[in-house]
Structure formats: structure tokens, C-alpha cells
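Trainee: Quick one: structure below, then a few questions.
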Amino acid sequence: MTAEPMPPWLAGRLGRGWLIAFDLVAAAALLVATAGNTGARTWDFPVSVPRWVAWVLAFAVVVPVVTRRLWPRFAFGFSLVVPFPAILVGGPISGLASVAMAFALYPLAATLTRRRSLTALGVAIAEVVATSLVFTSLSTLATITFGAAVLTLAWTTGRASLERREFAAEAAESYARQAVSEERLRIAREMHDVVAHSMSLIAVKAAVGNHVAAEQPEEARDALRVIETTSRDALAEMRRMLGVLRSGEDAPELGPAPDATSLDGLAERAAMAGVQVELTATGVDDLPDGVGLSVYRIVQEALTNVVKHAAPASARVTVAADGESVTIEVADTGSARLPGPPGHGLIGMRERVMVYDGEFEAGPSPESGFRVFARLPYEAAR
């Protein structure tokens, strides 16, 4: 008979070698119990049988225990055959045959469906009852109770092992899906921040250039220079983000990610699109990397919205960090946007704030225009 593929339960924490060693120890214990008492003639046989029959049965009892990990179905089938001749030898060997049957039942309970494993359990218990009733004695009830209890315990243990592995597999799959979803969300958020900001500026300057191309060619050339600079910066940052996704030696050397100390560049690019920015940033030099990047992206998205919805206008950007949290406020003097379904930009800003369990507000300001406010605690993150 050829060996079957290794079942899943062989890949346990102990490893295949340790599991087989455990089976060998259990088989040796059963063999000592059966062969030792047979050789010492301490068991009385209910019928007269040759001594060699008892010896053969003593060794046959341990076969299912030794073979159950390689051929679980063969081992269980063999364990169902042993009790019939064991009836002639007597109750002690019959009881040990029930133990061997329980060893063979465990891998079936740990791998088969509940219905099939319950069928195997029912067949095993029925055989214990049937063989115990052939020669009734005062110990018949005890033999049946012992055999049924051992078989039920083996089945329950096998099912528990199977359910534990299934739960672990489901949990691992759930964690993997969650990690993939979070990574896709992070990439989408970063791509949106980069593309939306740059494309908004490019669209504004392209419209200006197209409008003044005939009458004011010099201003049109200025617009084209802004478009060129902005597009180059956007491509460089997109390459940086895409490089993070690559693996291997072909990944380009990545530059530093933007942080709160790079806000001046955002103000300059917003000015190119007709938004004059008054920037005040204090205490941002020592922000953790993740917090600094979030601050940069929030300000970037807020200014992008000003460029798209309020230009030409002015905006006031205030960023203040005190060692425990950083507050961000971006308020513009344009027309207040009407409330409506939030776009990806506002959703992305809110998600960045939620990562740090912070506060986020966005809506028309009391004076005029639109206001974005965020507070990111970062002491725990540090």
C-alpha cells in the first residue's frame, strides 16, 4: 500500500518527527500492557485458544497507533477488525483494543467533515457494544462505558483541533484582507493627495495660459513654466511612492518623504495658482515622521480645495505643535462652499486624523470662506 499525502494535522507545532515519536511511545505502552500480561499469564481467556493467538493480538493492537499518521483510514479500518478476535482473548485486550481504536479515530475526527467523523464514532461505539455483549460478565457494563468514553474523548479532541485550525486560518485570512485593504487605502490616499494637488494647479495655470495666450504671450509662458515645474514635482513624488511598492534590486533609491518642514513649498505652489498663503508653523521640526507626513498631506489637500473652489483668494495656514499634539488650521477668504457629500479629499484628511485618534472639522468659517481644522495627538505614537 502506498503512503497517502501527509494530512494537514501533521503540520502541527511539534513537527512530524515528534508526533511519530509520541505514537511510538503510546504503541510501546500498549504493547507492554498486552504482551506483558499475556506472557505472565495473568489474564484468563474466556475460551481455550493457543497462546500464540494472544501474542498475535497483542502486537495487532498497536498497529493502528503506529500507522494512523501515514494511513489514517487504513489504521481506523484495522482497528475495527482487531476487537473481533480479541473477544476470544478476553476483556483486558478488548479494552486496550478500544484505546487503539480511539487513537485511530482521532485523525479522522481532525480531518473529515462532522457528518463523516460522527459516522465513524458511531460505528466504533457500536462495535464496542457488540463485542462486549458476546461474553457477558460483571465487567461488561464497565467495558462498554470505558470504550464509549475513550472513543468520545478522542472524537471530541480531534474536532476541537480541527475547529482551532479552521479558526486560526480564518483569522489569518481576515488579517490578510484587512492588511491589504489598509494598504490599498493608504496608497489611494497618497496618490489622491499628490495627483489632486498637482493636477488642480496644472488645470488652473493651463486655463490661464489658454485665456491669455494671444494677448499676453509672456504670461502664457509663465503659466507653462508653472505647469512644467508642477508636473515634474508630481512625477518625482509618484515615483517615490511607486518605489515603495517595488521589491528587489531594481527599486530606485528613495528620497525623504515630505513632512511639516516642507510646507513652504505648498504655499509657493498655491501662490502660482492665485492663492496667497499666510503660513505660520511652530514646533514642527521634531514631529514624528508619520505625524509630519500627515500634517503635510492635510495642508496640501486643504490648499488644493482652496485652489479648486475659491481661487483667486487668500488663505491662512497655522500649524502649531507643543510636544503632545499638533493643530492644523487652514482658512480661506473665498466663498463658503455649500455643504454636500464629502469628496475623497475630505475623507482622506479625516482618515489621517483618525489614525491618531484626533479631531477633525471642515465647513464654512464664521467670518467667510471655508475652514479646515485638525488636531493630531502624537505623544503615544512617539
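The values are calculated or read from the model by the stated rules, or taken from the named source; none is laboratory data. Computed from a prediction, not measured in an experiment: that's the story for all the values here. Cβ: placed from backbone, ideal geometry, glycine included. Neighbour counts: every protein chain shown.
Trainee: Among the residues of region 115-129, are any of a type in the set (D, E, K, R) and in contact with a Leu (Cβ under 8 Å, 6 or more places away or on another chain)?
Mentor: Within region 115-129, one or more residues are of a type in the set (D, E, K, R) and in contact with a Leu (Cβ under 8 Å, 6 or more places away or on another chain).
Trainee: Failed condition for ALA310, given (1) of a type in the set (Gly, Ala, Ser); (2) free of Cβ contacts under 8 Å to residues at least 60 places away in the same chain; (3) buried (at least 20 other Cβ atoms within 10 Å of the Cβ); (4) farther than 19 Å from ALA260 by Cβ, with all others met?
Mentor: The number of the failed condition is (2).
Trainee: While we're here: Among (1) basic (Lys, Arg); (2) in contact with a helix residue (DSSP H, G or I) (Cβ under 8 Å, 6 or more places away or on another chain); (3) modelled with pLDDT of 85 or more, there is one condition ARG115 misses while meeting the rest; what is its number?
Mentor: (2)
Trainee: Tell me which residues, restricted to region 135-172, are part of a helix (DSSP H, G or I) and over 21 Å from VAL99 (Cβ atoms).
Mentor: LEU162, GLU163, ARG164, ARG165, GLU166, PHE167, ALA168, ALA169, GLU170, ALA171, ALA172
Trainee: Also, quick follow-up: Could you grab the pairs with beta carbons closer than 6 Å, sequence gap of 6+ or different chains, first residue in region 168-190 and within 29 Å of TYR296 (Cβ to Cβ), second one surrounded by 11 or more Cβ atoms within 10 Å (Cβ to Cβ)?
Mentor: ARG189/GLY348; GLU190/MET241
Trainee: Here's another thing I want to ask about it. Mind counting the residues in region 315-327 that are under 16 Å from PRO364 (Cα atoms) and buried (at least 19 other Cβ atoms within 10 Å of the Cβ)?
Mentor: Summing the residues that are under 16 Å from PRO364 (Cα atoms) and buried (at least 19 other Cβ atoms within 10 Å of the Cβ) in region 315-327 gives 2.
Trainee: Among what's in region 135-148 and is among the hydrophobic types (A, V, I, L, M, F, W, C) and surrounded by 14 or more Cβ atoms within 10 Å (Cβ to Cβ), pick the residue that is farthest from ALA110 (Cα to Cα).
Mentor: The extreme case among them is PHE135.
Trainee: Could we say that ASP322 is at pLDDT 85 or above and on the phi > 0 side of the Ramachandran plot here?
Mentor: Criteria not met by ASP322.
Trainee: What residue, of GLY345, GLY334, is among the small types (Gly, Ala, Ser), part of a helix (DSSP H, G or I), at pLDDT below 80 and closer than 30 Å to LEU224 by Cβ?
Mentor: Only one candidate qualifies: GLY345.
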